[in-house]
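**Student:** For reference, the structure I am asking about is given below.
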């Protein structure tokens, strides 16, 4: 047996790893693999690493940076896909892996399908619509997360750096069996704390955990946790996973933070920023008040410069009053004297009433004499004018009547000549239908139609016998 050993080929580790790689790549040049994406990670280099799994196996997969834009869809945890590519190995770890060149959807995936169904159900109940404002400066911040890990330390460091506030921790497991029930119990516990109880009630609540796969974050997609967050009476910030991770608790929370550190920044303002903002507003307020005071003083000075000299105005007004008073004392006697002189002038011009009556009688008598002399002459003139008008009116009237009578007789004769009664008297007849409408052609008469024939001395009723317009006289 020992003699046969030298005949067995001897490989170095690198040679054996290379041979295995060559064998894998030769036997599986191009294959299609169906599975669910999990453990997805996108590195800064542009390469994407994940695993494809089914019920009983898992294989590592890689999308190189140059193929990311050509694979056909975005790789995400929980999506069931059909991946096309080639099998190769990674000699440094003695692992085989699948180089993906194209991805196609094979199904929603069991986890994503369950999450999507629960999301639709909760959205129909209106649990995603409530969004309450966060307090500006909470006195106490409640935290639901694991006591181990970097999440708690990141939040504590951020709060201490921005504005130190008391932090009340409710430690819970953030993955694994029973995690969802304990997270929901912690949210309900904070929500049910009395306002003045022995344990202080937080003003804002943060539910946080670090990143992980879809399976790791499933506790925050549990219906029990989501309903507890929706029913929480304290404003709630969800900070589950990294920026690209989305869970159902994000939809019911009042704010969704991409990271736990961002959640702490949302919950508490920066003290230095507040002080800077306060100093800026104080300076602006002081400057505005100074500008307002200076402007008011300037306006007051301008208004004061435009005001007249009040003592001079009062002195001039007093002088005018004295002058008016003196002139008033002299004006009243002068006024009476003027009125008296005018009255005396009018009295001198007045005529005695007897003289006025005598003048009136003389004027009336003179007018009566003129009227008596002129009236007969006017009557004779009017009678002569009336006689001339009567002669002019009576002379042409009989002639006009004769001309009008002759014109009327001529028109009557012409009308009689074109009357259809005269045509009927010459032996013609008028055919009408039952409505009295004249029939001018045989084509208008359908067989069996009732007609009326008008003669000069009367009408007869007929019926059309045939299309040839032969008439069946109904005599």
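**Student:** Can you tell me how many residues within region 252-275 are over 27 Å from residue 195 (Cα atoms) and either in a strand (DSSP E or B) or in contact with a helix residue (DSSP H, G or I) (Cβ under 7 Å, 6 or more places away or on another chain) (or both)?
**Tutor:** Counting residues in region 252-275 that are over 27 Å from residue 195 (Cα atoms) and either in a strand (DSSP E or B) or in contact with a helix residue (DSSP H, G or I) (Cβ under 7 Å, 6 or more places away or on another chain) (or both) gives 1.
**Student:** Next up: Quick check on residue 84: is it out of contact with any helix residue (DSSP H, G or I) (no Cβ under 8 Å at 6 or more places or on another chain) and surrounded by fewer than 15 Cβ atoms within 10 Å (Cβ to Cβ)?
**Tutor:** No, not satisfied.
**Student:** Go through region 11-33 and report how many residues are at pLDDT below 75 and part of a loop (DSSP other than H, G, I, E, B).
**Tutor:** Summing the residues that are at pLDDT below 75 and part of a loop (DSSP other than H, G, I, E, B) in region 11-33 gives 4.
**Student:** Shifting gears a bit: Residue 233 - would you say it is touching a strand residue (DSSP E or B) at 6+ places or on another chain (Cβ under 7 Å), touching a residue at least 12 places away in the same chain (Cβ under 8 Å) and assigned to a loop (DSSP other than H, G, I, E, B)?
**Tutor:** no
**Student:** In region 45-81, which residues are touching a helix residue (DSSP H, G or I) at 6+ places or on another chain (Cβ under 7 Å) and more than 17 Å from residue 104 (Cβ to Cβ)?
**Tutor:** Those that are touching a helix residue (DSSP H, G or I) at 6+ places or on another chain (Cβ under 7 Å) and more than 17 Å from residue 104 (Cβ to Cβ): 45, 46, 47.
**Student:** Those residues that are assigned to a strand (DSSP E or B) and either closer than 16 Å to residue 24 by Cβ or not assigned by TED's automatic domain parsing to the domain that holds residue 61 (or both), I need them from region 84-100; list them, please.
**Tutor:** Those that are assigned to a strand (DSSP E or B) and either closer than 16 Å to residue 24 by Cβ or not assigned by TED's automatic domain parsing to the domain that holds residue 61 (or both): 85, 86, 87, 88, 89, 90, 95, 96, 97, 98, 99, 100.
**Student:** Give 173, 138, 202 a once-over and let me know the one that is at pLDDT 90 or above, in contact with a helix residue (DSSP H, G or I) (Cβ under 8 Å, 6 or more places away or on another chain) and under 30 Å from residue 54 (Cα atoms).
**Tutor:** 173
**Student:** Tell me, yes or no, whether region 185-202 has at least one residue that is more than 30 Å from residue 213 (Cβ to Cβ) and part of a helix (DSSP H, G or I).
**Tutor:** Looking for residues that are more than 30 Å from residue 213 (Cβ to Cβ) and part of a helix (DSSP H, G or I), one finds none in region 185-202, hence no.
**Student:** Give 116, 125 a once-over and let me know the one that is surrounded by fewer than 12 Cβ atoms within 10 Å (Cβ to Cβ), closer than 23 Å to residue 220 by Cβ, within 36 Å of the chain's Cα centre (by Cα) and without any contact (Cβ under 8 Å) to a residue 60 or more places away in the chain.
**Tutor:** 125 is the lone residue from the list that is surrounded by fewer than 12 Cβ atoms within 10 Å (Cβ to Cβ), closer than 23 Å to residue 220 by Cβ, within 36 Å of the chain's Cα centre (by Cα) and without any contact (Cβ under 8 Å) to a residue 60 or more places away in the chain.
**Student:** Let me ask something additional. Please work out if residue 144 is assigned to a loop (DSSP other than H, G, I, E, B), buried (at least 18 other Cβ atoms within 10 Å of the Cβ) and touching a residue at least 12 places away in the same chain (Cβ under 8 Å).
**Tutor:** no
**Student:** Let me ask you something else. Which of the residues belonging to region 424-452 are in contact with a strand residue (DSSP E or B) (Cβ under 8 Å, 6 or more places away or on another chain) and outside any loop (DSSP other than H, G, I, E, B)?
**Tutor:** Passing the criteria: 424, 430, 431, 432, 438, 450, 451, 452.
**Student:** Another question, then. Residue under question is residue 259, and the condition is that it be free of Cβ contacts under 8 Å to residues at least 12 places away in the same chain and either in the same structural domain as residue 125 (by TED's automatic domain parsing) or touching a strand residue (DSSP E or B) at 6+ places or on another chain (Cβ under 8 Å) (or both); does it hold?
**Tutor:** no
The values are calculated or read from the model by the stated rules, or taken from the named source; none is laboratory data. Computed from a prediction, not measured in an experiment: that's the story for all the values here. Positions of Cβ are generated from backbone atoms using ideal geometry, with glycine treated the same way; all protein chains shown enter the neighbour counts.
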